[in-house]
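S.K.: Have a look at the structure that comes next, please.
Please treat every number below as a calculation from the coordinates, not as lab data. Only a predicted model underlies this, so the values are computations on that prediction, with no experimental measurement involved. Virtual Cβ from ideal backbone geometry, glycine too; neighbours counted across all protein chains shown.
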Amino acid sequence: MAKRPTVLKVQGLKRAFGPNTIIDKFNLEVRAGEAIALTGRNGAGKSTLLRCLVGADRPDEGSIEVLGTKMVESSPEIRRNVATVIDDLDFFPDLSVVEHLDLLARAHGLTDPDEMVDEVLEEVQLVPQSGQLPGTLSSGQRRRLALATAFVRPRKLLIMDEPEQRLDTEGVAWLANRLKHERSQGLAIVFASHEPSLVEAVATRVLQLGGTRG
Ligand SMILES: Nc1ncnc2c1ncn2[C@@H]1O[C@H](COP(=O)(O)OP(=O)(O)OP(=O)(O)O)[C@@H](O)[C@H]1O
């Protein structure tokens, strides 16, 4: 059987802050349908690595390619294919939940996103809050909205930093199922997590960063 295409290729990545080298000589190849979990203690470098992967931080050395295109900060080619849930998004304070999702879907080329937006709203259980402004949501509901933004847009690579944050138990179980489904549809996923059940359910490979605690 032909190998699935490489979606993400990282070679020789290094990121240091002053004298502290956080990531060094890091290589990673992720193919369609693979899910890579980054684990490791607080401060191990998971977020630093993910921020480099999404172009939010610039590595000191090394290269990152998405679908064969070299990562250049805010390259439209890459932005089109990569959905991210890194920090809590900077939501627009005066756009409602449903308006956010609609705007994102349209900005990524969906001409009639109503059905998709309704489905995702239902899935993240934000239908009753669809008319609310982000500032009026609970912290877990804001997380659900951030996750929803990744699912209403086209994507070939999904990058998430601790996506389980502030979700209730049922929410974590939903997320695990959703990510398993995404992977089975050929999405490549890289996510950092402190939630063993999510890592166990979703990851096809686990990379522990920063070694073990001494
Ligand atoms: N802008 C910065 N300037 C200086 N040091 C930084 C900067 N960003 C991150 N660091 C340091 O890099 C190290 C890695 O941080 P990072 O946020 O990547 O860890 P993490 O593995 O995501 O941790 P956590 O599990 O706590 O989220 C930490 O020691 C942190 O203090």
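S.K.: Considering only T69, L101, A146, whose Cα is most displaced toward the positive end of the charge dipole of the chain, charges sitting on Cβ of Lys, Arg (+1) and Asp, Glu (-1)?
M.R.: Checking the options against the dipole of the chain, the answer is T69.
S.K.: Let me ask another. At a temperature of 25 °C and a viscosity of 0.890 mPa s, determine how fast segment 28-83 diffuses translationally according to Stokes-Einstein, using the Kirkwood radius over alpha-carbon pairs as Rh; express D in µm²/s, rounded to the nearest whole number.
M.R.: On the way: Rh = 12.5 Å.
The calculation lands on 197 µm²/s.
S.K.: A follow-up question, please. Looking only at V124, V85, V190, which one moves most when the chain is put into a Gaussian network model with springs between Cα atoms under 10 Å?
M.R.: V124
S.K.: What residues have an amide H closer than 5 Å to that of E61, excluding those fewer than 5 places away on the same chain, when H is modeled at 1.01 Å from N in the peptide plane?
M.R.: Distant-sequence amide H within range of E61: K14.
S.K.: List, in order, the whole-Hz ³J(HN,Hα) value for each residue of segment 7-13 obtained from phi through the Karplus relation with A = 6.51, B = -1.76, C = 1.60 and θ = phi - 60°; use x for Gly and Pro.
M.R.: Karplus values, whole Hz, x for Gly and Pro: 9, 10, 10, 10, 10, x, 6.
S.K.: How large is Rg over Rh for segment 65-152, taking Rg from the Cα atoms and Rh as the Kirkwood inverse mean of 1/r across Cα pairs? Don't jump to the answer; show the numbers that get you there.
M.R.: Values: Rg = 13.8 Å, Rh = 13.7 Å.
Value, to two decimals: 1.00.
S.K.: Based on the Kirkwood radius over alpha-carbon pairs, what is the Stokes-Einstein translational diffusion coefficient of segment 160-208 at 37 °C with 0.692 mPa s viscosity, in µm²/s?
M.R.: Numbers: Rh = 10.9 Å.
Estimated via Stokes-Einstein, D reaches 301 µm²/s.
S.K.: With unit charges on the beta carbons (Lys and Arg positive, Asp and Glu negative) and the dipole taken about the Cα centre of the chain, which residue among Q129, T84, V190 sits farthest to the positive side?
M.R.: V190
S.K.: Then there is this: Would you calculate the volume per residue, in Å³, of the smallest convex hull containing every Cα atom of segment 1-101? Spell out each step's value before the answer.
M.R.: Working: hull volume 15.4 nm³, N = 101.
Looking at segment 1-101, the number lands at 152 Å³ per residue.
S.K.: Oh, and also: Report the net charge of residues surrounding V30, where surrounding means a beta-carbon distance below 13 angstrom and charges are Lys +1, Arg +1, Asp -1, Glu -1. List each step's numbers first, then the result.
M.R.: On the way: positive: K3, R4, K9, R31, K156, R183, R205; negative: E29, E34, E65.
Net charge around V30: +4.
S.K.: For the chain, with only Lys/Arg (+1) and Asp/Glu (-1) charged at the beta-carbon, what is the dipole magnitude about the Cα centre, in debye rounded to 20?
M.R.: Working: 27 positive and 30 negative charges, 226 e Å.
In total the dipole reaches around 1080 debye.
S.K.: Now for a different question. Rounded to whole Å and sorted largest first, what semi-axes of the equivalent ellipsoid does the C-alpha gyration tensor of segment 58-107 yield via the square root of 5 times each eigenvalue? Kindly include the intermediate steps, with their values, before the conclusion.
M.R.: On the way: eigenvalues 154, 37, 12 Å².
Ellipsoid semi-axes (Å, largest first): 28, 14, 8.
S.K.: For the chain, with a Gaussian network of springs between Cα atoms less than 10 Å apart, report the residue from L198, L49, L137 with the top mean-square fluctuation.
M.R.: Its mean-square fluctuation being the largest, the pick is L137.
S.K.: Name the residue from I23, L49, L8 whose Cα lies farthest towards the positive end of the charge dipole of segment 1-92, charges +1 on Cβ of Lys and Arg and -1 on Cβ of Asp and Glu.
M.R.: Going by the Cα projections, it comes out as L8.
S.K.: Taking all pairs of distinct Cα atoms, average 1/r, flip it, and tell me the Kirkwood hydrodynamic radius of the chain in Å to one decimal place. Don't skip to the answer; put the middle values down first.
M.R.: Values: mean 1/r = 0.0560 Å⁻¹.
Answer for the chain: a Kirkwood hydrodynamic radius of 17.9 Å.
S.K.: What's the Cα-based Rg to Rh of segment 124-188, Rh via Kirkwood? Each step should come with its number before you reach the end.
M.R.: Numbers: Rg = 12.2 Å, Rh = 12.6 Å.
Reported Rg/Rh (Cα atoms, Kirkwood Rh): 0.97.
S.K.: Could you tally the net charge around R4, taking each other residue with its Cβ under 14 Å from the Cβ of R4, Lys/Arg +1 and Asp/Glu -1?
M.R.: On the way: positive: K3, K9, R31, K156, R183, R205; negative: E29, E34.
Once positives and negatives cancel, what remains is +4.
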